[in-house]
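These notes concern the structure reproduced below.
The values are calculated or read from the model by the stated rules, or taken from the named source; none is laboratory data. Everything quoted here is computed from the prediction, not taken from an experiment. Here the Cβ is made from the backbone with ideal geometry for all residues, glycine too, and neighbour counts use every protein chain on show. Note: accessible area is taken over every heavy atom of the protein model, side chains too, but ligands, DNA and RNA are not part of it. Shrake-Rupley method; radii C 1.70, N 1.55, O 1.52, S 1.80 Å.
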Amino acid sequence: MCSLGLLASIIGILSVRGKDGADPMDAMNRGYYITAIISAIFLTGGVYYLLGATPGWMYFVLAGFVGIALSVAFLRVTLYYTDHHYRPVQEIANASETGAGTNLIMGFSVGLETTAVPAILIGASLLISYWCGTMTGIPSGGLYGTAVATIGMLMVCAYVLTMDTFGPIADNAGGIVEMSQAPDEVRHRMDKLDAAGNTTKALTKGYAIGSASLAVFLLFNAYMADISKLLIERGGAAFTTVNLASVPVFVGALLGAMLVFLFASFAIRAVSKTAQSVIDAVRIQFKDPAIMAGTKKPDYAAVIDITTQGALKNGRAHAGRRRVHARTAARGADPGREHAA
C-alpha cells in the first residue's frame with residue numbers, strides 16, 4: 001500500500017503548478033488533494049487484490065478512506081492554526097501590538113487550543129475504522145480496521161515530506177535575496193514563499209502527530225494483549241475494568257485529557273484579551289500631557305472597570321475599552337503624543 005502511495009505522491013508532486021503572484025500554499029494544497037484522491041483509488045485496488053476474498057472487504061476500504069480523510073483533515077486544521085489568513089495567527093499578531101507579555105500569553109493559549117480538534121479527529125477516526133473492521137465479521141477485524149486506517153494515512157507520507165523540504169529551501173533563498181540586496185519586489189515575493197515554508201513545516205509536524213496517534217494505538221493494544229496473556233498464564237486475570245486497549249476507553253481518555261488543555265486555553269485567552277484592553281487604556285491616558293506632567297491624576301477607575309468586566313465576562317471588556325476611548329477623548333487627550341505602556 002505504501003508503495004502505491006509513493007506513486008500517488010509522485011503524480012501529486014508533478015501536478016503542482018504555481019501562478020505568478022498567487023499564494024504558494026494554494027498550489028501545494030491542490031497537489032495534496034490530488035495525491036489523496038489518487039491514493040484512495042490505489043487503496044481500493046490494493047485492498048481488493050489483497051483482501052478481495054475476505055467477507056466484507058469493502059469495510060476495510062472504508063477504513064482506509066478514514067485514514068486518508070484524517071490526513072486531509074489534519075492538513076486543514078494545521079493550516080488554520082499556522083496560516084496568517086485565519087483567526088489564531090491574527091490574534092497572536094494583534095496581541096503583539098500591546099507588548100511581549102500579551103503576545104506570549106495569547107500564543108500559549110492558542111497552543112493549548114490546538115489540542116482540541118486533533119483529539120476529536122483522532123478519536124472519531126479510531127471509532128469509525130474500528131467499527132468498519134468489526135463489520136467484516138472476521139476475528140480481531142476491528143483492530144485490523146484501525147491498522148488499515150493507519151496505512152491509508154501513511155500513503156500520502158511522501159508528499160508531506162516533500163512539502164517539508166520546501167521550508168529550508170525557501171529559507172535559504174530568502175537569505176540569498178536579503179544578503180544580495182535584491183529589489184523590494186523580489187523580497188516581497190520571497191516573504192510569501194518564506195511564510196509558506198513555515199506553514200509547510202508545521203503541516204509536517206501535524207501530520208506526524210496524527211499518523212503516530214493511530215499507530216501508537218496498535219502498538220499499545222499489542223502491548224496490553226501480551227500483558228494480559230502473561231497475567232493469565234500466571235493465574236491472574238486480564239484487564240476488564242479499565243482497559244485502555246479498548247477503543248472506546250482509549251478515545252474517552254484522549255478526549256478527557258484534551259479538555260484540560262482546552263479549558264485552560266479559554267481561561268488564558270481571557271487574561272490576554274483583558275490585558276490588551278488595560279494596556280490600550282493606559283496608553284490612551286499617557287497621551288494626556290497633564291497626566292504625564294503630574295498635574296492631573298490618571299483615571300484609575302477606567303482600568304478597574306475593564307479588569308472587573310473582564311473577570312466577569314471577557315467579551316464585555318471590549319465594551320469597556322470603547323468607553324475608555326470615549327472618556328479620554330472627551331477629556332481632551334493629546335493624540336500627537338504617545339508613550340509605550
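Observations on the structure shown:
- Matching residues in region 131-165 - criterion: being open to solvent by 50 Å² or more (accessible area, probe 1.4 Å), aliphatic (A, V, I, L, M) and outside any helix (DSSP H, G or I): MET135, ILE138
- Residue within region 104-116 that is open to solvent by 30 Å² or more (accessible area, probe 1.4 Å), β-branched (Val, Ile, Thr) and farther than 23 Å from VAL160 by Cβ present: yes
- Elements of the type helices (runs of 4 or more DSSP H) sitting completely within region 1-105 and holding at least 3 residues that are under 30 Å from ALA270 (Cβ atoms): these cover 57-82, 87-96.
- If the condition is being among the basic types (Lys, Arg) and open to solvent by less than 30 Å² (accessible area, probe 1.4 Å), then region 256-293 contributes only ARG269.
- In region 169-179 there is no residue that is of a type outside the set (A, V, I, L, M) and under 28 Å from SER265 (Cα atoms).
- Within region 176-230, the set of residues being closer than 16 Å to SER246 by Cβ, without any contact (Cβ under 8 Å) to a residue 24 or more places away in the chain and open to solvent by less than 100 Å² (accessible area, probe 1.4 Å) comprises VAL216, ALA222, MET224, ALA225, ILE227, SER228.
- Matching residues, region 92-103, being open to solvent by 30 Å² or more (accessible area, probe 1.4 Å) and under 21 Å from ALA195 (Cβ atoms): ILE92, ALA93, ASN94, SER96, GLU97, ASN103
- Exactly one residue among SER125, SER109 is out of contact with any Leu (no Cβ under 9 Å at 6 or more places or on another chain), among the polar types (S, T, N, Q) and in a helix (DSSP H, G or I), and that residue is SER109.
- Residue within region 143-163 that is aromatic (Phe, Trp, Tyr) and at pLDDT below 85 present: no
- Hey, VAL249 in a helix (DSSP H, G or I), open to solvent by 40 Å² or more (accessible area, probe 1.4 Å) and at pLDDT below 85 or not: yes
- From the options TYR86, TYR33, residue that is without any contact (Cβ under 8 Å) to a residue 12 or more places away in the chain and under 20 Å from the mean Cα position of the chain (by Cα): TYR86
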